[in-house]
1. Report the per residue volume, in Å³, of the convex hull enclosing the C-alpha atoms of the chain.
2. With the contact rule set at Cα under 8 Å and sequence spacing of 6 or more, what percent relative contact order holds for region 2-131?
3. Amide H neighbours of F121 under 5 Å, counting only residues 5+ apart in sequence or on other chains, H built in-plane at 1.01 Å?
4. Count the DSSP beta bridges whose two residues both fall in region 2-131, then state the antiparallel fraction as a percent rounded to the nearest 5.
Amino acid sequence: MKQRVVVQVLIKHHDKYLLFGYKHFDKHKEGYLDLVGGTVIGGEILTAGLKREVKEKVHIELDDRDIRPVDFDSEVMTYKGKMTHVIFLRYFAEIDHESAYTNKKNKIYWIREGELMEHEFTRSTERFLRKMALIA
């Protein structure tokens, strides 16, 4: 079975959390919100991979001092047509600016804690938000 390591971060700015919405290119995630992140490239330092993914997806540059590891999780799922053991390593970062943006294929959302329950999330993001006691 293939294995894939995914690094993700929950970014907070004041009382809002940044979540990532996929459109069109990923039919399994379309309509669901996810944490910002992606796959670690072989040999890449985990936090370097996280910072690279965040910069690529939402154009925010995180500093190592901003990033705090908080959780891990795993799930066996079909990824690119093959059964894959996906390992999620999750971080938290608090930033002092709200200058994120993304390409036209995707969308970003700044959501207040009290409004999180109004949205749908990928399975792994929902598990994480429950562990963080941000949703019931």
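1. Once divided by residue count, the hull of the chain is 105 Å³.
2. Relative contact order here is 36 percent.
3. Residues meeting the amide H criterion: L33.
4. 70
Throughout, read-outs are computed from the coordinates displayed, never taken from laboratory work. These numbers were taken from a predicted model, which means no experiment stands behind them.
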